[in-house]
Amino acid sequence: QVQLVESGGGLVQFGGSLRVSCVASGSIISINAMGWFRQAPGKQRELVATITSGGSTNYADSVKGRFTISRDNAKNTVYLQMNSVRPEDTAVYYCNARVATLVSPSFYGDYWGQGTQVTVSS
């Protein structure tokens, strides 16, 4: 199986910066892509950013230019650098990974982290 462990969430002031990270572990053969999603109170979960193992990135319009997703393939780790944060960025942030494992080497299963709270003070 695969476990995703997130860290770095917490309180941040308006306009400030925060970096969250996520480490994937387990019987991993390869990771096709990793990403970050978020869910604010009363709202549906939405995509924030994704990155493939080759480095291709995709961002939600609401965070483009402010957030940067990056990865360390050797460490199976994905990061989200959050700059110029706004109160609207307050949400639970979830790490996601599409992983091929020893058990299912030909299929990329979808795995999720436990979520980490990011709160932007206003």
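The values are calculated or read from the model by the stated rules, or taken from the named source; none is laboratory data. The shown structure was predicted, so the numbers you read here are calculated from the model rather than taken from an experiment. All Cβ positions, glycine included, derive from the backbone under ideal geometry; neighbour counts span all protein chains shown. These area figures cover heavy atoms from the full protein model, side chains too; ligands, DNA and RNA do not enter into them. Shrake-Rupley method; radii C 1.70, N 1.55, O 1.52, S 1.80 Å.
In the stretch 1-45, what count of residues is obtained for those that are under 30 Å from VAL103 (Cβ atoms) and open to solvent by 80 Å² or more (accessible area, probe 1.4 Å)?
Residues meeting the conditions: 5.
Can you spot a residue in the stretch 63-71 that is modelled with pLDDT of 95 or more, open to solvent by less than 40 Å² (accessible area, probe 1.4 Å), of a type in the set (D, E, K, R) and within 14 Å of the chain's Cα centre (by Cα)? Break it down into steps so the answer makes sense when it comes.
Within the stretch 63-71, the first condition is being modelled with pLDDT of 95 or more, and the residues that meet it are 63-71.
Within this subset, residues satisfying the condition of being open to solvent by less than 40 Å² (accessible area, probe 1.4 Å) are 63, 66-67, 69.
Now drop any that are not of a type in the set (D, E, K, R), which leaves 66.
After this cut, where a residue has to be within 14 Å of the chain's Cα centre (by Cα) as well, the list is none.
No.
Kindly list the number of the only condition in (1) free of Cβ contacts under 8 Å to residues at least 24 places away in the same chain; (2) out of contact with any Phe, Trp or Tyr (no Cβ under 8 Å at 6 or more places or on another chain) that fails for ASN76.
The one condition ASN76 does not meet is (1).
Restricting to the stretch 83-118, name every residue that is buried (at least 16 other Cβ atoms within 10 Å of the Cβ), assigned to a strand (DSSP E or B) and over 11 Å from the mean Cα position of the chain (by Cα). Lay out the reasoning, then the answer.
Within the stretch 83-118, the first condition is being buried (at least 16 other Cβ atoms within 10 Å of the Cβ), and the residues that meet it are 85, 89-101, 108, 111, 113, 115-116, 118.
Then drop every residue that is not assigned to a strand (DSSP E or B), which leaves 91-101, 111, 116, 118.
Residues satisfying the conditions are ALA91, ARG98, VAL99, ALA100, THR101, TYR111, VAL118.
Assess whether THR50 counts as being open to solvent by less than 50 Å² (accessible area, probe 1.4 Å) and under 13 Å from the mean Cα position of the chain (by Cα). Explain how you work it out, then say what you get.
Numbers: open to solvent by less than 50 Å² (accessible area, probe 1.4 Å): yes; under 13 Å from the mean Cα position of the chain (by Cα): yes.
So THR50 fits the description; yes.
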